[in-house]
Structures are given as C-alpha cells and as structure tokens.
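Accompanying notes for the structure given below.
The values are calculated or read from the model by the stated rules, or taken from the named source; none is laboratory data. All values derive from a computational prediction rather than experimental measurement. In this analysis, Cβ positions are derived from the backbone assuming ideal geometry, glycine residues included, and neighbour counts consider all displayed protein chains.
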Amino acid sequence: AVDAPSIVGKTQKTLDLELESPTTGEKAFVQIKSHADAHAFSEYEKRFRETSAYERMFFIWHSGSLSENIKADDITLIGPNKLAGLILDSGLSRWLRKKVS
C-alpha cells in the first residue's frame, strides 16, 4: 500500500510527491524514476490500485524500456519524449542544458 502522508522530513516508501487539486480536492501521487521498465511500472500501478488514498497517479521517468504508449485508467505516464517536450514548453531548456553538461 502507499505509505502516505508522512511526517515532514521522513521517507515515504512509495511516492515522491503528493498533490491535491485545490478546485476538486482530488488527490494524486507522483512517482519519479530515472529508469523505468514494465516491471517497475507494474509494481507502482499495483500499489496505486490497492489504496483508496489517491484518485490519480503520475508515473514519470526519463530513460528505460517502458513504452510511452501504455494506457491505464487514472494514471498519467510521462516518459522521455513527453518529458522533453514539457521541459522545452515550460522554458526549462537552460536548466536541462546545465543538468546534462
């Protein structure tokens, strides 16, 4: 199950970030991986499905074999291509150049 919320400064086993929509109250958790494959995604999808604490999950990764074309109810996947587009669209290209150099 998802181990959240937590005391500030403590480690949470499953999620990297917890979000709440100010307009709908919908809660989501965000899992960010540097490398992801189908097995890693499957593990987090299982944890998400086992909890009632969140209505939505975001799974974000920048490398690995996980397909960016997977469709899963209530889960938003942001892989390398979409992530790169979001970085460019939000003006973070300078930040990205510094990170890779």
request  = Name, by its number, the condition in (1) β-branched (V, I, T); (2) over 19 Å from F29 (Cα atoms); (3) touching a Phe, Trp or Tyr at 6+ places or on another chain (Cβ under 7 Å) that does not hold for I78.
outcome  = (2)
note = If we keep only residues of the range 14-44 that are in a strand (DSSP E or B) and of a type in the set (D, E), then the residue farthest from the chain's Cα centre (by Cα) is E20
request  = Please enumerate the residues belonging to the range 69-98 that are surrounded by fewer than 11 Cβ atoms within 10 Å (Cβ to Cβ), without any contact (Cβ under 8 Å) to a residue 12 or more places away in the chain and under 23 Å from D37 (Cα atoms).
outcome  = N69, K71, D73
request  = Give me the pairs, please: first residue somewhere in the range 10-33 and within 20 Å of I78 (Cβ to Cβ) and at pLDDT below 95, second residue anywhere and among the polar types (S, T, N, Q) and assigned to a strand (DSSP E or B), beta-carbon distance under 7 Å, and either six or more positions apart or on two chains.
outcome  = L15/Q31; D16/Q31
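Which ones in the range 45-68 are more than 16 Å from H35 (Cβ to Cβ), within 15 Å of the chain's Cα centre (by Cα) and not hydroxyl-bearing (S, T, Y)?
Answer for the range 45-68, where residues must be more than 16 Å from H35 (Cβ to Cβ), within 15 Å of the chain's Cα centre (by Cα) and not hydroxyl-bearing (S, T, Y): E45, K46, R47, F48, R49, E55, R56, M57, F58.
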message = Taking the condition of being in contact with a helix residue (DSSP H, G or I) (Cβ under 8 Å, 6 or more places away or on another chain), surrounded by 17 or more Cβ atoms within 10 Å (Cβ to Cβ) and closer than 16 Å to D16 by Cα, how many residues in the range 29-68 meet it?
response = 8
